[in-house]
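Q: Below are the structure tokens for one structure; questions will follow.
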Amino acid sequence: MKKLKVRVQGRRGDYWRYTVSSWLREVKDILEKEYHVILEIVEEDVDLELPRILVGEHLVLEGVPGEEGYLIEALKKALDDILG
């Protein structure tokens, strides 16, 4: 299985970075099963107003999605692009 690093960038202790990271951990298993990959979720301290999500170097999303479902769709599109 291919291993992909999902990076959540934002300020240390920021509520929104924490929220996005939590949502990612909640949907991680679903995406791993669907795409047959291993997702490693890491948080990176970057001075940003709102969090940024990257898979490898592929920018997935900047800001906070309105709901978890939007985050899933953005990740699925990124994984489709990355995995071909």
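Q: Of the residues that make up segment 4-17, is at least one surrounded by fewer than 17 Cβ atoms within 10 Å (Cβ to Cβ), among the hydroxyl-bearing types (S, T, Y), within 20 Å of E73 (Cα to Cα) and out of contact with any His (no Cβ under 9 Å at 6 or more places or on another chain)?
A: No, segment 4-17 contains no residue that is surrounded by fewer than 17 Cβ atoms within 10 Å (Cβ to Cβ), among the hydroxyl-bearing types (S, T, Y), within 20 Å of E73 (Cα to Cα) and out of contact with any His (no Cβ under 9 Å at 6 or more places or on another chain).
Every residue, every condition in (1) farther than 15 Å from L4 by Cβ; (2) in a strand (DSSP E or B); (3) touching a helix residue (DSSP H, G or I) at 6+ places or on another chain (Cβ under 9 Å), yes or no:
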| position | (1), (2), (3) |
| --- | --- |
| L31 | no, no, yes |
| E43 | yes, yes, yes |
| L48 | yes, no, yes |
| V64 | yes, no, yes |
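Q: Yes or no: segment 45-56 includes at least one residue that is among the basic types (K, R), at negative phi and touching a strand residue (DSSP E or B) at 6+ places or on another chain (Cβ under 8 Å).
A: Scanning segment 45-56 turns up at least one residue that is among the basic types (K, R), at negative phi and touching a strand residue (DSSP E or B) at 6+ places or on another chain (Cβ under 8 Å).
Q: Can you pull out the residues in segment 9-19 that are of a type outside the set (K, R), outside any strand (DSSP E or B) and either touching a Leu at 6+ places or on another chain (Cβ under 7 Å) or touching a residue at least 60 places away in the same chain (Cβ under 8 Å) (or both)?
A: W16, the sole residue that qualifies.
Q: Can I ask one more? If you take the residues in segment 30-40 that are surrounded by fewer than 16 Cβ atoms within 10 Å (Cβ to Cβ) and aliphatic (A, V, I, L, M), which one is modelled with the highest pLDDT?
A: Per the criteria, the residue is I38.
Q: Which residues, taken from segment 41-55, are touching a Leu at 6+ places or on another chain (Cβ under 8 Å) and either exposed (fewer than 12 other Cβ atoms within 10 Å of the Cβ) or free of Cβ contacts under 8 Å to residues at least 40 places away in the same chain (or both)?
A: The answer is I41, and nothing else.
Q: If you don't mind, there's one more thing I want to ask. Among the listed residues V60, V46, V27, identify the single one that is at pLDDT 95 or above and closer than 20 Å to L83 by Cβ.
A: Answer to the check: V60.
The values are calculated or read from the model by the stated rules, or taken from the named source; none is laboratory data. Predicted model, so just to flag it, every value in this text is computed and none were measured. No Cβ is skipped: glycine too gets one built from the backbone with ideal geometry, and neighbour counts run over all protein chains shown.
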